[in-house]
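Just so it is clear, none of the values below were taken in a lab; they were calculated from the coordinates. Everything numeric here is computed off the predicted structure, so don't read it as measured data. Glycine gets a Cβ as well: all are built from the backbone with ideal geometry, and neighbour counts include every protein chain shown.
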Amino acid sequence: MMQADDEMPPPQEAAKQQYGAAGTILEAAFVDPAYDWPPPDGFGKNAIELQASVNLIDDSDSVRTTESQKQRMSIPPKPSLEGTGKKSRWWNCCTSGGDEAILSLAEYEHAKRSALAARKEHYAEKKARAKAMRKKSRYNRVPEGILIYRLDTATQTISLMSEPHSKTDQSTMLTEMVIAAARPSPDKSRRGMILKGTDGSSVTLVACEQRTAIAWLEAIDLMLANKMRMGDKFSNSTKTGWNKKNLNSRELDQIEGQYLNLASYSNKLIRANKKSKKSGAAASGMYYSIEMSQDPQDDFEEEALESIAKRRAVIKDSWDFYRMICSLLRDRRKYNEVFRKLQLDPVYPYLHSMTGLNDPGDTGYENADKEVIQKDLDKYLTMTRTQVAEDLCKQAEQAMPSLVEICKALAGSLGMEEVGIGPVKEVQAALKKAEKKYDGDLLKITDFCRALLVVKDLPSLLALLELARDSFGPLIRRVKLSSLKSDHKPLPGGYRHCIINVELKNHICEIQVHLWPMWLVCGVDGFRHYRHCVEYNTDSFENAFDALEGLDRKTMAELIVMAEEAVAETPLDSLEWFQEKFILDYFAEVGLFMKHGLHVWAEITLRHLIRLRTESPDIGPDHHETILLYKYLEEVLRLTGKEREANEIKKRIKSNEKRLKSEKDDAEKSMWDMVMAAPTEALDMIMDPNKKEREEEEKMRKEVKASKKQWRMIRKERFGFLDANTGGGKDNSVGAGSVTTSGLEEKKMDDAPKALAL
């Protein structure tokens with residue numbers, strides 16, 4: 001122990017020592033280049049897990065101090081100017097041992113300096129011996145193929161902590177380096193870092209875990225941007241990453257501490273989760289620790305575990321929201337692709353020509369001018385809104401049996417892919433919908449009593465419309481087809497379907513008719529997709545990565561930590577084409593990499609995702625999802641200066657656009673071939689003097705005519721019972737202008753099943 005009267009360092013030196021202690025120590029496992037990685041299952045399972053502790057840095061008891069060393073480091077008592085206890089008179093004061101006192105003080109100062117020097121030398125040796133002992137005892141069971149490195153951000157030093165293995169090439173092995181620069185390596189596993197030392201040397205380290213490389217690279221970036229910590233080694237020449245943020249050292253220290261605390265906490269959760277699943281965590285994950293090495297006198301308080309947990313919860317919510325946006329826009333692209341293919345169906349122009357019944361064509365979310373509403377009864381004048389909603393729910397319950405019979409009859413005739421009935425909408429849900437969509441008007445809600453039918457394709461939809469008209473036409477109050485038309489917008493989120501409203505027991509009910517290809521995208525979760533798209537207004541932007549705009553760099557880095565936590569059980573090089581959940585996670589992480597400047601890792605991830613999409617039997621190289629990944633890859637390649645390869649990818653994208661246009665042209669050509677089979681019609685078109693003005697109108701008319709002809713052929717082949725149902729062979733197909741109930745007696749039918757003369 002130092003005595004109370006030991007010399008104190010100058011104020012400047014004290015400040016330097018205090019600051020020099022600030023920083024973080026990280027330890028993690030890296031791959032020995034002489035070995036294969038990952039190792040066989042279970043290899044290294046007995047490795048000792050590291051425990052983060054400040055004692056690893058300042059363990060003064062790890063090496064004993066001998067008695068002789070204690071004597072050399074002991075400072076003798078300071079000599080006293082008083083005599084040996086004999087009283088002296090005043091005239092003897094100047095000669096009472098003055099020479100002896102001066103000599104004793106000189107000897108004391110010399111002994112003190114010697115003791116302090118011995119202490120300094122001893123503690124330096126002790127620290128070195130403690131490090132060697134710690135290295136030997138702590139890493140004596142490291143599995144072959146793993147090297148443990150330590151990064152000290154206070155000294156900008158990376159050093160090897162474990163012993164080399166039998167196959168290790170020690171001539172190229174990194175043992176210690178003072179880091180001057182770092183960047184991601186193009187390693188396909190996305191676990192590599194390229195480190196450059198202050199001496200100009202360069203080395204590539206490949207971590208055993210993705211999250212190790214990410215956390216270390218972020219810590220190094222923060223370290224290199226810290227002017228006070230870097231001192232003379234700081235460089236203003238590189239304005240990238242944290243360096244271009246122009247933050248002071250104190251701010252960077254705080255950001256580093258919070259970021260690495262979150263990374264450490266996330267890693268512990270990953271480890272705990274793997275243990276709970278009894279999956280046998282990889283040995284590499286055991287060697288992962290992050291320790292704060294701030295001086296005790298620093299006024300930065302260590303972040304409490306509760307505070308870290310709360311901040312992680314906030315970042316996790318942000319990650320979940322961002323990932324949901326990526327999912328919603330992915331499904332919207334799927335809906336758009338399905339609709340593009342539906343428009344290639346020969347009968348689509350015929351369907352497109354229909355105007356429906358009481359269909360205002362307003363496919364937006366707001367529909368204040370809705371024509372078909374529930375009856376406004378006199379008793380509602382004295383009721384509260386809740387009571388009105390309850391009464392409408394009772395009406396729906398009374399009408400439900402009739403709706404069930406209608407759906408059974410339709411399904412029995414057409415063979416539906418899916419049929420769903422109810423349940424009756426709840427009162428609170430009705431009140432909420434009325435407030436949000438209809439300015440509080442409950443009477444405009446027409447789906448208290450509801451059902452869904454999923455038809456196989458467009459011809460099946462046309463057959464259903466005709467069967468409904470002929471079977472219970474007088475009950476039909478609305479047929480909404482507008483969302484299925486190319487010149488109208490889809491529902492929020494890209495969905496398109498048909499709605500038929502019927503009046504049963506004096507209550508308006510709703511039958512939603514879905515097309516099977518559309519239904520396959522989200523299934524019963526389609527309404528949740530629609531609701532989220534309305535709530536978050538996802539139709540306002542095309543690129544999911546735009547949701548990251550405005551986020552600061554620290555939040556972006558923390559979101560990457562959450563992304564790595566989400567994919568921890570499936571590293572990129574282990575990802576398979578059928579793992580859709582993780583593919584979406586990695587796609588979302590690409591956006592974070594692009595916004596955070598980690599373009600190399602964005603490129604690696606995109607290339608892997610493209611390969612998986614190409615290998616997928618349900619997707620392939622020309623699928624719209626694969627092409628989207630190519631578009632992002634082109635952008636990343638240009639950001640990294642790979643213009644030649646980016647231009648090649650651009651040609652591929654253009655080629656796909658030409659292919660899609662060719663598909664559309666071929667579909668139109670097949671219909672025109674049917675029209676042009678009549679020579680007189682072709683001659684009329686050639687001789688028409690107003691052809692230029694009427695070209696589009698004429699083209700549409702001819703397309704509809706050809707489409708209707710195609711529908712008649714399909715109707716005869718697949719839905720011959722429609723003619724038998726009407727008792728004649730004449731054409732009873734729906735008119736090209738509308739879905740109507742003309743020719744049938746307009747009357748209300750309380751007993752719906754009696755109306756189904758099928």
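Observations
- Test item: Cα-centred dipole of the stretch 584-648, Lys/Arg +1 and Asp/Glu -1 on Cβ, debye: 220 debye
- Cut-off under 5 Å, modelled amide H: who pairs with Thr355 long-range: Ser738, Val739
- Calculated FRET value between Thr555 and Leu381, using beta carbons and R₀ = 51 Å, to 0.05: 0.40
- Listed pairs Lys341/Lys436; Lys456/Lys716; Lys227/Lys310; Lys379/Lys432; Lys456/Lys708; Lys485/Lys505 exceeding 25 Å between Cα atoms: Lys341/Lys436; Lys227/Lys310; Lys485/Lys505
- Residues in the stretch 22-36 that a label on Tyr123 would reach, taking backbone N under 17 Å of a point 7 Å out along Cα→Cβ: 22
- Between amide H atoms placed 1.01 Å from N, distances below 5 Å from Asp32 occur with Ile146, Leu147, all of them 5 or more places distant or on a separate chain.
- Taking 0.36 nm per residue of sequence separation and removing the Cα-Cα distance, the Glu698/Thr175 pair yields an extension gain of 180.3 nm.
- Taking each residue as 0.36 nm, the span from Ala272 to Lys581 lengthens on full extension beyond its C-alpha to C-alpha distance by 109.1 nm.
- Given R0 = 41 Å, the distance between the Cβ atoms of Thr570 and Arg311 translates into a calculated FRET efficiency of 0.95.
- Length gained on full extension, Tyr536 to Asn647: 36.4 nm, using 0.36 nm per residue less the C-alpha separation.
- Between the residues Gln579, Gly550, Ile560, the greatest Cα displacement towards the positive end of the dipole of the stretch 541-599, with unit charges on the Cβ of Lys, Arg, Asp and Glu, is found for Gly550.
- From phi via Karplus (6.51, -1.76, 1.60), per-residue ³J(HN,Hα) for the stretch 162-172 in Hz, x at Gly/Pro: 9, 7, x, 9, 5, 9, 4, 7, 6, 6, 10
- Environment charge of Leu575, counting only residues whose C-beta is closer than 13 Å and scoring Lys/Arg +1, Asp/Glu -1: -1
- Amide proton proximity set for Ala154, modelled H, under 5 Å, gap of 5+: Thr24
- Evaluating 6.51 cos²θ - 1.76 cosθ + 1.60 at θ = phi - 60° for every residue in the stretch 524-541, the Karplus couplings come out as 5, 7, x, 5, 5, 4, 4, 4, 5, 5, 5, 5, 9, 6, 5, 6, 7, 9 Hz, glycine and proline recorded as x.
- Modelled this way, with points 7 Å down the Cα-to-C-beta line, the labels at Lys456 and Lys432 are 3.8 nm from one another.
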